[in-house]
Amino acid sequence: VLKLFKLLHRTRQEVFKNDSRALEAARQKINEEFRNNRDETSEEKINELLKIGSDVEVILRTSVIQAVHTDSDKIVLIPRKDLLQDNTPYLDKPTKK
């Protein structure tokens, strides 16, 4: 449980870097969820909560991209390096290597 707690906070710091409002909101939500389930004793329920927490961590790490308003009608996306992938062009008839 402690390992997941620390992992969620590390992921939060990486995903919401330089965004103090999002960092604080995520910190409060993580702490609140762990605090609300602190007294849980059912092994089945604990495993279910751990699965949900690890799923949330994966979604944060793989799906969240920061955006910054630059003008009234422009938004700049700031993807992390681990989200960037090589662009593979689509081919109707792939060539054999």
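The values are calculated or read from the model by the stated rules, or taken from the named source; none is laboratory data. Keep in mind it's a predicted model, so treat the numbers as computed, not measured. Using ideal geometry, Cβ is built from the backbone for each residue, glycine included, and neighbour counts are taken over all protein chains shown. These area figures cover heavy atoms from the full protein model, side chains too; ligands, DNA and RNA do not enter into them. Shrake-Rupley method; radii C 1.70, N 1.55, O 1.52, S 1.80 Å.
Quick look at the numbers
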{"read-out": "Degrees, to the nearest 10: 43-63 long Cα axis against longest axis of the chain", "value": "30"}
{"read-out": "Heavy-atom accessible area per residue - the chain, 1.4 Å, Å²", "value": "87"}
{"read-out": "Accessible surface of the chain, 1.4 Å probe, proportion on carbon and sulfur as whole %", "value": "53"}
{"read-out": "Dipole magnitude of the range 1-83, debye to nearest 20 (Cβ charges: Lys/Arg +1, Asp/Glu -1, about Cα centre)", "value": "360"}
{"read-out": "Within a Gaussian network of the chain (alpha carbon springs, distance under 10 Å), most fluctuating of Ser20, Ser54, Ser42", "value": "Ser42"}
{"read-out": "Contour excess over end-to-end distance, with Cα ends at Leu23 and Thr62 and 0.36 nm allotted per residue", "value": "12.3 nm"}
{"read-out": "Angle in degrees between helix 2-15 and the longest Cα principal axis of the chain, rounded to the nearest 10", "value": "40"}
{"read-out": "Sum of -39500 (n - 2.57) over DSSP H runs of 4+, divided by residues of the chain (222 nm, nearest 500)", "value": "-18000 deg cm²/dmol"}
{"read-out": "The chain: angle of helix 20-36 to the longest principal axis, Cα-based, in degrees nearest 10", "value": "40"}
